[in-house]
Amino acid sequence: MTGDYALAVTTGAIPLVERILPRSGVLQRTSSNGVSTQIIAANVNMVLVVTSIKWPAFSDGFLCRALAASSWKELKATIVLNKMDLCRSQDEELKNRILVTYNLERTGYSLFPVSCITGHGMDELLEHIRGMTVVMTGPSGVGKTSLVKYYNPSLEVRIGSLNPKTSKGKHTTVATRLIPLERNTAVIDTPGLRMFSIDHIPRNDLQFCFPEFRHCLGECKFRDCLHLSEPGCAVKSALDNGSISDIRYGKYVDFMNEKDS
Ligand SMILES: Nc1nc2c(ncn2[C@@H]2O[C@H](COP(=O)(O)OP(=O)(O)OP(=O)(O)O)[C@@H](O)[C@H]2O)c(=O)[nH]1
Ligand SMILES: [Mg+2]
Ligand SMILES: [Zn+2]
């Protein structure tokens, strides 16, 4: 597993792995078969959920699923909003909406608008991940590999073009790889995902995967409130007074309903 630490003996020419050391900081998703759970990377300090302002289109669904999966494993998550060089005046509204929906004060997440082309925000992002091993996840074509290539230009990696009809990526990266950037700092590049499935998160636990709900939990009229249509719900009150975003709450309801069926 990428990120694993192993004990190895080196008596011969080839080191022999004796055992894998216990893992911490494991990012998981539900496999595409919908049944088993897949470890994306192990021993990471933080998850970078990489998105793009456009090409491919920004997706709240992907982002909220990846953030929920990170919270589920108690992993710190950071949102990277790439391709800011493509942001035109007609995209400003979307950019501002994303900043409000996911901003630090409400959610505790960090958000970095960046561009791998102009270098905008890239120094700040490097400062943010310094000293850590971070795993990147995101849809195909958002620029995950471009990001590591920006930090390490001599790196031999494939960067893919987009499908001009769909403006989606072509699943260029096919294997997960740990790339050391500087002393004590490494980035794990992963293949782009069509969907970040979170079927492995139990329905009753989803509420804990939205950090902005936390201050409300325990404040609802019913102890077993799932914040859907129960009376006296503190999450719904926070939604009504605007301290929880309607987009984030909408995703929570979608994910809860998916688990119903
Ligand atoms: N305009 C613009 N294009 C970018 C930026 N970053 C990456 N791209 C382009 O986006 C396309 C996809 O980049 P990749 O780095 O291969 O994307 P990826 O996320 O690694 O894709 P997969 O490996 O398929 O998951 C390439 O054509 C890059 O040149 C950016 O900041 N601005
Ligand atoms: Mg890639
Ligand atoms: Zn409630």
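Report the one residue of 128, 192, 84 whose Cα lies farthest in the direction of the positive end of the charge dipole of the chain (charges on C-beta: Lys and Arg +1, Asp and Glu -1; origin at the Cα centre). In the chain, that residue is 192.
Based on DSSP H segments of at least four residues, each scored -39500 (n - 2.57), the chain has a per-residue ellipticity at 222 nm of -7000 deg cm²/dmol.
Less than 14 Å Cβ to Cβ from residue 133, Lys/Arg counted +1 and Asp/Glu -1: what total charge do the surrounding residues give? Walk me through the numbers before you get to the answer.
Details: positive: 23, 76, 130, 177, 183; negative: 4, 182, 189.
Taking every other residue near residue 133 into account, the sum is +2.
Ligands, DNA and RNA left out, the accessible area of region 50-176 computed with a 1.4 Å probe is 51% carbon and sulfur.
Just to be sure I follow: if Rg is taken over the C-alpha atoms of region 22-189 and Rh is the Kirkwood radius over the same atoms, what is Rg/Rh? Don't skip to the end; give the middle numbers.
Working: Rg = 15.3 Å, Rh = 16.3 Å.
Rg/Rh: 0.94.
Dimensions of region 203-260 from C-alpha coordinates, computed as largest minus smallest value along each principal axis and given longest first, are 25, 23, 18 Å. Packing-based ranking of 211-222, 79-90 yields 79-90, 211-222, ordered from highest to lowest mean Cβ neighbour count within 10 Å. How far is helix 246-260 tilted off the main Cα axis of the chain, in degrees rounded to 10, range 0 to 90? Helix 246-260 sits at roughly 80 degrees to that axis. Dipole magnitude for region 22-189: about 540 debye, using +1 per Lys or Arg Cβ and -1 per Asp or Glu Cβ, origin at the Cα centre.
Show 17, 35, 235 ordered by accessible area, largest first, where the area counts protein heavy atoms only and the probe is 1.4 Å.
Details: 17 95, 35 125, 235 0 Å².
Per-residue accessible area, sorted high to low, gives 35, 17, 235.
Mind checking which of 186, 175, 13 has the largest fluctuation in a GNM of the chain, springs on alpha carbons under 10 Å? Highest fluctuation of the listed residues: 13.
The values are calculated or read from the model by the stated rules, or taken from the named source; none is laboratory data. Keep in mind it's a predicted model, so treat the numbers as computed, not measured. Heads up, the Cβs are rebuilt from the backbone with ideal geometry, glycines too, and the neighbour counts pull from every protein chain shown. All accessible areas refer to the heavy atoms of the entire protein, side chains included, with ligands and DNA or RNA removed. Shrake-Rupley method; radii C 1.70, N 1.55, O 1.52, S 1.80 Å.
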